[in-house]
Amino acid sequence: MRVFLFGAYGRLGSVLSSVLSKSGHSVLRQGRQACAEYSFDPTNHQRLMSELQNCNPDVIVNLIGLTNLQTNETNNELALLVNTKIPEYITRHLLSRPDNKRPKFIHISTDQVYSKDGFNTEEDALPINRYGKTKLLGEKFAIAAGGIVLRTNYIGTSKANDLNTFSDWVVKSLRQQTTINAFCDIHLNPVHVSTLCNLIQETIYNYRPGIYNAGCRGFFSKAELILEIARGLNLSSEAVKVVNANFPDGVKRPKNMVMDVSNFEEKFGIKLPSFKEEFEKTLKDYL
């Protein structure tokens with residue numbers, strides 16, 4: 001299949017591009033940099049529509065998001081443009097196509113749309129910051145076009161230059177013995193980046209429109225993850241301070257982003273991996 005990949009040169013896109021190519025797909029890579037295969041600003045509505053019209057892909061995957069929480073709060077216009085308008089523009093293109101010629105659309109969202117206690121189902125979205133709110137608005141456009149929305153978070157190393165993941169930062173800080181404030185009251189259930197890429201590919205093959213939580217089974221705190229990485233890599237945890245979350249920038253952050261993944265498992269017939277399995281994959285990235 002011809003897969004048009006928005007954000008192909010980012011943390012997730014650089015891995016997903018390789019996975020899709022190795023599976024035999026023709027990947028059309030979009031990026032802002034001049035060296036990108038399809039180099040253009042996706043916030044330019046007319047350019048985006050024109051590029052998609054000319055490429056005529058079978059599948060569109062949107063990985064683009066403005067993820068810096070503070071930037072989202074201080075620049076509402078940019079947050080809306082990136083997190084909401086881009087999926088809206090993609091949706092406009094899709095709805096302009098005949099039903100039988102409409103590409104599949106997979107839109108990657110975030111676990112930051114959740115903030116309630118316990119395991120959050122897809123109906124429990126309650127974002128408390130601008131990032132989560134604008135991503136939730138973007139989801140509505142993807143669903144209107146008959147798309148798939150994956151709410152997710154991932155761990156594992158980055159293959160994109162100068163774009164580090166959370167676990168990259170943790171390992172670097174542990175090796176340099178830089179102080180880490182490890183939050184014991186923030187809980188989540190991400191998957192490894194390789195798992196997420198495989199799940200995205202599964203949704204391409206087994207296309208079932210809707211909103212799905214894509215995470216591991218079980219959950220852990222950020223402090224538990226950091227300490228487990230230290231133990232797994234035989235690194236000292238003396239510089240790790242286990243504390244309750246405190247954010248001096250004043251941006252609200254959810255403390256519970258744990259997702260109930262049973263809907264994804266049921267609809268796609270896949271048993272999602274445990275935290276232990278995803279943690280072991282993460283450790284292998286740094287050995």
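The values are calculated or read from the model by the stated rules, or taken from the named source; none is laboratory data. Just so you know, these numbers come straight off a predicted model, no measurement behind them. In this analysis, Cβ positions are derived from the backbone assuming ideal geometry, glycine residues included, and neighbour counts consider all displayed protein chains. Areas reflect the complete protein model, heavy atoms only, side chains present, ligands, DNA and RNA absent. Shrake-Rupley method; radii C 1.70, N 1.55, O 1.52, S 1.80 Å.
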- Task: Would you check if residue 121 is surrounded by fewer than 20 Cβ atoms within 10 Å (Cβ to Cβ), hydroxyl-bearing (Ser, Thr, Tyr) and in contact (Cβ under 8 Å) with a residue 40 or more places away in the chain?
- Result: yes
- Sole residue being over 21 Å from residue 210 (Cβ atoms), touching a residue at least 40 places away in the same chain (Cβ under 8 Å) and open to solvent by 60 Å² or more (accessible area, probe 1.4 Å), chosen from 70, 33: 70
- Message: Condition check: touching a residue at least 12 places away in the same chain (Cβ under 8 Å), of a type in the set (Lys, Arg) and surrounded by fewer than 19 Cβ atoms within 10 Å (Cβ to Cβ). Does residue 47 satisfy that?
- Response: no
- Message: I need a count of the residues in segment 2-51 that are over 22 Å from the mean Cα position of the chain (by Cα) and closer than 18 Å to residue 92 by Cα.
- Response: 7
- Which condition breaks for residue 149 when tested against (1) hydrophobic (A, V, I, L, M, F, W, C); (2) open to solvent by less than 10 Å² (accessible area, probe 1.4 Å); (3) within 24 Å of residue 71 (Cα to Cα); (4) over 13 Å from the mean Cα position of the chain (by Cα)? (4)
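For segment 1-22, give me each residue that is open to solvent by 10 Å² or more (accessible area, probe 1.4 Å) and closer than 17 Å to residue 159 by Cβ.
7, 9, 10, 11, 12, 14, 15, 18, 19, 21, 22
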- Message: Name the residue that is nearest to residue 81 (Cα to Cα), counting only residues in segment 135-146 that are open to solvent by less than 50 Å² (accessible area, probe 1.4 Å) and hydrophobic (A, V, I, L, M, F, W, C).
- Response: 136
